[in-house]
Amino acid sequence: MKIENKMNAIGCSKLDLSLVATLWSRFCFGRSELVPVGCDRLTFALGNELPPVLQEGKEYALLVSETGAAVTGRDPGGLMRGIVALLMKIELKEGVLFMAPALEQSRFTVRNRMLHLCVFPENDLYFIKKLVRLAGLCQYTHLVIEFWGMLQYDCLRELAWPNAFTKAQVQELLREVRAWGMEPIPMFNQLGHATACRVIYGKHVVLDQNPALQELFTPDGWAWNIHSPKVHDLLKQIRLELYELYGEGEYLHIGCDEAYYYTRCEEERQKLPDYLRNLTAEVAAEGRRPMIWMDMLLERDRYNKKYKAAATCAPGEVELLQNALHPATVLVDWQYHMPEAPVETLMSLKNNIRDAMGAPWYEPENYTAMVQTVAENGFHGVMMTTWHTLGERMPSVLGCARACGAAEFSWSRFSGLREETATLLRRVSFEGNSYADCGWKKEQIEV
């Protein structure tokens, strides 16, 4: 199909058609304008082509012929992901824009494809927006956004640094998430990481601003004081504020990882089952499925001798802790050096009555093994983590998505993840880039 300077389209009115038009222009290098008109069907069509039939279990189907192109979606999110796949078929050769004939169904091997993003004080809002857009182009279904002292709460001012984002700014970000057909998942760690900072740098968002609030934390400040009624009420208020801010959704990520103080103190550790039982039950009663990192609930002696595993539970306590969780809880197994499938820690959760999913990091062997384990054993999904390494490892966001079956360019097999990630970022730099905003790191060299 040859692409003209101006193209008319008919698309589902549940989509953000202005976003689709903007993407069209970007993927056409500014050489073609899309004029979309809304309709009530889960389809998108260009020229004289009927939408293809969607096969059972698929998220989208697309068709390109000499006379037009069309996409059918399972739901608005699936349709948006199908449009992304269609955009990746646009080619420019000898000054002519075109799409080669194609008939395809989505080929995802993992149903729930989630990306976990951390928002640090060093991140500006534009950087996070481009990450959201990149996730959309990578066809993720959910975006877990964790604000590390970077969201202003009403319940306690000291939970945020002075340069933290307002709720109005975050609402703008969340609108972008939904426009891409992804569900935003709120997150606030309800046990460890209470500093909202990385412990290797010794910062604490609350206590460095107001030391008088020490009673909210363990003596070392790293974890929440699970015995305090004030902490219980504060964490509940935080959750309610997040629900209101994020809007309707299925999940809440409660973290609960790396609570070192409780791990090392046997007396305190005995109180964790009741805490997790009550916490997950409360979240479920609030209408959300709690998601929990699993390092505190996996036996350390079973895995640490073979791997550098994220597993810290004392022998004999695993069953007690896991059984304490509400049945609606989603078990998220974050493992950063499990290079072979099947991933043993995730397989240990296969017969649990709760849904479980794998959470890899940037190593290709790690996320490939996780995706394979999830796909072959019917786990709930994959949650790709990024933490503090996006400045060097952003291409892993695309790598994990491709391992799950995300769409490719016709030239992808001749390129690499770095080159493609840079290409995708340029496609979604709607506002234009300064030198520092190009790519994924502000400088090329140390200065």
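Tabulated results
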| read-out | value |
| --- | --- |
| Residue among Arg427, Arg413 that alone is within 30 Å of Thr368 (Cβ to Cβ), outside the structural domain of Thr368 (by TED's automatic domain parsing) and surrounded by fewer than 16 Cβ atoms within 10 Å (Cβ to Cβ) | Arg413 |
| Where Phe217 falls short, out of the listed (1) out of contact with any Gly (no Cβ under 8 Å at 6 or more places or on another chain); (2) surrounded by fewer than 19 Cβ atoms within 10 Å (Cβ to Cβ); (3) hydrophobic (A, V, I, L, M, F, W, C) | (2) |
| Qualifying position, being out of contact with any Leu (no Cβ under 6 Å at 6 or more places or on another chain), of a type in the set (Asp, Glu) and under 30 Å from Cys438 (Cα atoms), among Glu340, Glu344, Glu392 | Glu392 |
| Selection from the stretch 391-447 of residues that are in contact with a Lys or Arg (Cβ under 6 Å, 6 or more places away or on another chain) and either of a type in the set (Asp, Glu) or not in a helix (DSSP H, G or I) (or both) | Cys404, Gly405, Val428, Ala436 |
| The listed residue being of a type in the set (Lys, Arg), more than 13 Å from Gln139 (Cα to Cα) and either free of Cβ contacts under 8 Å to residues at least 40 places away in the same chain or not assigned by TED's automatic domain parsing to the domain that holds Leu15 (or both), out of Arg26, Arg31, Arg41 | Arg41 |
| Tally of residues being small (Gly, Ala, Ser) and more than 25 Å from Met384 (Cβ to Cβ) across the stretch 302-357 | 3 |
| In the stretch 22-44, the residues that are under 17 Å from Ser429 (Cα atoms), of a type in the set (D, E, K, R) and assigned to a loop (DSSP other than H, G, I, E, B) | Arg31 |
| Selection within the stretch 197-212 - modelled with pLDDT of 95 or more and either outside any helix (DSSP H, G or I) or surrounded by 14 or more Cβ atoms within 10 Å (Cβ to Cβ) (or both) | Cys197, Gly202, Lys203, His204, Val205, Val206, Leu207, Asp208, Gln209, Asn210 |
| Which listed residue is at positive phi and within 20 Å of the chain's Cα centre (by Cα), from Gly439, Gly399 | Gly439 |
| Tabulated pairs, the stretch 191-207, first on the phi > 0 side of the Ramachandran plot and assigned by TED's automatic domain parsing to the domain that holds Asp295, second of a type in the set (Val, Ile, Thr) and at pLDDT 95 or above, C-beta under 9 angstrom, 6+ apart or interchain | Ala196/Val205; Ala196/Val206; Gly202/Thr195 |
| Residues being within 30 Å of Pro339 (Cα to Cα) and either acidic (Asp, Glu) or not in a helix (DSSP H, G or I) (or both) - total across the stretch 250-309 | 25 |
| Per-region count, the stretch 121-150, residues touching a residue at least 60 places away in the same chain (Cβ under 8 Å) and hydrophobic (A, V, I, L, M, F, W, C) | 7 |
| Total residues in the stretch 343-380, condition part of a loop (DSSP other than H, G, I, E, B) and surrounded by 16 or more Cβ atoms within 10 Å (Cβ to Cβ) | 11 |
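Yes/no per residue for (1) at pLDDT 95 or above; (2) surrounded by 17 or more Cβ atoms within 10 Å (Cβ to Cβ); (3) in a loop (DSSP other than H, G, I, E, B):
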| residue | (1), (2), (3) |
| --- | --- |
| Leu46 | yes, yes, no |
| Gln55 | yes, no, yes |
| Gly78 | yes, yes, no |
| Arg81 | yes, yes, no |
| Val84 | yes, yes, no |
| Glu91 | yes, no, no |
| Phe108 | yes, yes, yes |
| Leu115 | yes, yes, no |
| Gly136 | yes, yes, no |
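So that you can scan it fast, the table gives a plain yes or no per residue for (1) among the β-branched types (Val, Ile, Thr); (2) modelled with pLDDT under 95; (3) surrounded by 14 or more Cβ atoms within 10 Å (Cβ to Cβ):
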{"residue": "Arg269", "(1), (2), (3)": "no, yes, yes"}
{"residue": "Leu272", "(1), (2), (3)": "no, no, yes"}
{"residue": "Arg277", "(1), (2), (3)": "no, no, yes"}
{"residue": "Ala284", "(1), (2), (3)": "no, no, yes"}
{"residue": "Arg288", "(1), (2), (3)": "no, no, yes"}
{"residue": "Met291", "(1), (2), (3)": "no, no, yes"}
{"residue": "Tyr303", "(1), (2), (3)": "no, yes, yes"}
{"residue": "Lys306", "(1), (2), (3)": "no, yes, no"}
{"residue": "Cys313", "(1), (2), (3)": "no, yes, yes"}
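The values are calculated or read from the model by the stated rules, or taken from the named source; none is laboratory data. Keep in mind that what you see is a predicted model, and the values were worked out from it rather than measured. Every residue, glycine among them, receives a Cβ derived from its backbone with ideal geometry; neighbour counts consider all protein chains shown.
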